[in-house]
1. Residues with amide H under 5 Å of VAL152's amide H, sequence separation 5 or more or different chain, H placed in the peptide plane at 1.01 Å from N; which?
2. Show the residues, 5+ positions off or on another chain, whose built amide H is closer than 5 Å to the amide H of VAL254.
3. Net charge around ALA655, counting only other residues with Cβ within less than 14 Å of its Cβ (Lys, Arg = +1; Asp, Glu = -1)?
4. So what are the ³J(HN,Hα) numbers for segment 114-121, from phi and the Karplus equation (6.51, -1.76, 1.60; θ = phi - 60°), rounded to whole Hz, Gly and Pro as x?
5. Provide the per-residue ³J(HN,Hα) series for segment 490-499, in order, calculated from phi with Karplus coefficients 6.51, -1.76, 1.60 and θ = phi - 60°, each as a whole number of Hz, with x at glycine and proline positions.
6. What does the extension gain come out to for VAL287 and GLU182, with contour length at 0.36 nm per residue minus their alpha carbon separation?
7. List the trypsin sites (Lys or Arg not before Pro) within segment 437-476 that DSSP assigns to loop and that have no more than 15 neighbouring Cβ atoms inside 10 Å.
8. Using θ = phi - 60° and the Karplus curve 6.51 cos²θ - 1.76 cosθ + 1.60, what whole-Hz ³J(HN,Hα) does each residue of segment 265-270 get, with Gly and Pro shown as x?
Amino acid sequence: MVNRLHRLELPPAVPAASSTLAATLLDAMQRYWGYDSFRPLQREAMTCVMGRRDSVTVLPTGGGKSLCFQVPAVCSEGLAVVVSPLISLMKDQVDALVQCGVPAAAINSTMSAEERGIVASQIRAGELRLLYVAPERLLMSRTMDFLTAANVQFAAIDEAHCISAWGHDFRPEYRGLSILKEAFPQASVHAFTATASTHVQRDIAEQLNLREPVMLIGSFDRPNLTYRIVRGGSGRFDKVARLVEQRRGESGIVYCISRKEVEKVAAGLEGLGHRAAPYHAGLADDVRHRNQEAFLEERLDVIVATVAFGMGIDKSNVRFVIHNGMPKSLEHYVQESGRAGRDGLEAECVLLASAGDAMLWRRMIEGGEPESVAGAVRALEAMNQFVDGAGCRHRAIVEYFGQEYPDDDCGACDVCLGELDLVAEPVVLGQKIISCVARLDQRYGADYTAKVLVGSADQRIRSSGHDQLSTHGLLSEHRQQDVRQWIDQLVSQGYLARVGEYNTLEITPDGRELLRGERTPQLLKPAPTGRSRSQRRGGATADSWEGVDRDLFERLRRLRMELASERGVPPYVVFSDATLRDMARRRPSSLTALLEVKGVGEKKRDDYGHDFVEAIVEHCTAEGVAMDQGEGNGGSRSRVVPDEPFVPAASSLPAFELFRQGLGIDEVAERLGRVRSTVVKYLGEFIQQEQAMDPSPWVDAAVVARIEAAYEQVGGERLKPIFEHLGGEVPYDDIRIVLGCLGNR
Ligand code: ADP
Ligand code: ZN
């Protein structure tokens, strides 16, 4: 993975005063990444790196950890070594850096000796700012010897929780990193992770031998994610299918517990015409790899996967994560659902959970190593409580990880959105259910108990005489599935227990207290209607579609896809969704205005600017949408007058020459190797400059007549009325050309 170096002038090494330090960092962020402000803790983390002070930075997924070491690397002389666990992760990051004009490379086992040699000579020549390397390669004595001679300024450890056996993803090869402080005494070491537990955070600092590290712990809340929980084990596939259908065409992940389930759901979704594929450890390497690539490159919308999928997936525009089954811990849930919305735009997480999932996990856990059972059971119980809780989901997650949650209403979970209601009289309801369990002598399971409660006349119930019980039909006004769910909730909240081979229900001491009216369970019912998301109060990015021209967004997305596949990089490496939205909101008509868009730095402006501005100008002119909108006044459809006219690129001049020679549009396009739409734009400029009045060299005479007639009828202020007047049969290009000539008469 050797990347061509882009020789950009790097900002000078940093002065000491901190306000100028911040300014230097911001300047580099703006130039290379097109961002104009710090996210929470980024400034502090960058300051530690610049001051070569060891640090541990904990930010949630999507919090912007990478920039915390990348920006300082750009602002420093010398080399930053970045330790990253997965080759795919490195490749993405290096690609993204090179796209921004930052000299970065990776060395790994997939490269030839020759390729590695090139990187080595770049390092020797001081041409690289960042070197990505996997821990096992870094620790090879050859690499260490070489780097000791290089000017290593600091090391950044990505996914640093991998060093801790307490974490969820321990990697023994990370342990060797403890020698970094000794091997590079002049360099500082900075650990980055999204892992929340304080135990792991401390362990990271210890294992890495950090010297009085600054601990920067961000909030674990992800305000742009909306959490919803759907209970019940039946009709799972239909639920998944409905959720995916509502999000057709968007990027999403569906997690399943088993490989078999993955295959089934993937096939089912494909059968419904979704671009979906499976991913699990049982698939052949090449199939897995192919599916992953297709997802990253947006040739697939949905990946259906086991937990094997996700580590090292940097795709920032995953819009939804559905869990088709409950994960075994809240740590896992947060990790997996956290793959949604890394770009900071709103994204949805839906968890389908049933009591059956918990049972499945319990069986698996109990079959495991005895010393790990207790911890795993505790983690599972916490997960269960989360699922059966009736409070704000954001709050529940944040508090689980030991932080306080400041808001009463997150505006982004099913509870706060009022989509779920608490049952009005949970005590009475709970008592009815538990007394039925008692009447059944605690010898039956949940399904049977639910049937008795709703008054089923099943053969089995009648033959056991249970239709004669006083509790038979006690809840006949409710649906059996709802009663069944309340039973599950009572189990999860510890009022009932499932025992024995047949999971018969037993009343716990808490359950007896409930019978005496001393406890109040939280029983939820699905509400018939919910407040919609647009009505919600809070939520960080509720307005992120505001002012965005959706058609233009889709067009820019297609353009991004073309450019990305031309260059062999994933689309989000070209521009993120957030950047495309901002583009479709501001609709810049010039390269200068394009720089205002969040996520457009100088390098990307040079590489892609022309194509994107061209697409924007074309779309807005045809559709009559105003361009060059500032931050606040997007969205208004008004006159077609760009504040800053599109300056014809020097590249249009050869086209003018060919038009003068009488060549048609397609011929010119072919000669110049440009797409037709670009040539039509040149032609527009040509017609204006030459004051051409006769469109016949470019448009068929009969079509010219039709357009002119339509012009008489509806006027020519905008193209769309003419287009519509002609029933959509005449292309915009032709209309534009004819109107251009009419204007010159
Ligand atoms: P993490 O590694 O913490 O999961 P990333 O470093 O991948 O997060 O950042 C997530 C996304 O946010 C990326 O698309 C990144 O470019 C963007 N980002 C990071 N910092 C900023 C910032 N200050 N302003 C705007 N976008 C940012
Ligand atoms: Zn909430």
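1. Close amide H contacts, sequence-distant or interchain: LEU79.
2. ILE303, VAL304, ALA305, ILE322
3. Once positives and negatives cancel, what remains is -2.
4. With coefficients 6.51, -1.76 and 1.60, one gets 5, 4, 5, x, 4, 4, 4, 6 Hz.
5. For segment 490-499, the Karplus-derived couplings read 5, 5, 5, 8, x, 8, 10, 10, 9, 10 Hz, x marking Gly and Pro.
6. Here the segment from VAL287 to GLU182 would lengthen by 33.6 nm.
7. Numbers: sites: ARG439, ARG443, LYS451, ARG460, ARG462; in loops: ARG443.
Counting only loop positions with at most 15 other Cβ atoms within 10 Å, the trypsin sites (Lys or Arg not before Pro) in segment 437-476 are ARG443.
8. My calculation for segment 265-270 gives 5, 4, 5, x, 5, 4 Hz in order.
No value in this document is a laboratory result; all are computed from the given coordinates. None of these values were measured; they are calculated from a predicted model. Quick reminder, even Gly has a Cβ in these numbers, built from the backbone with ideal geometry, and neighbours come from all protein chains shown.
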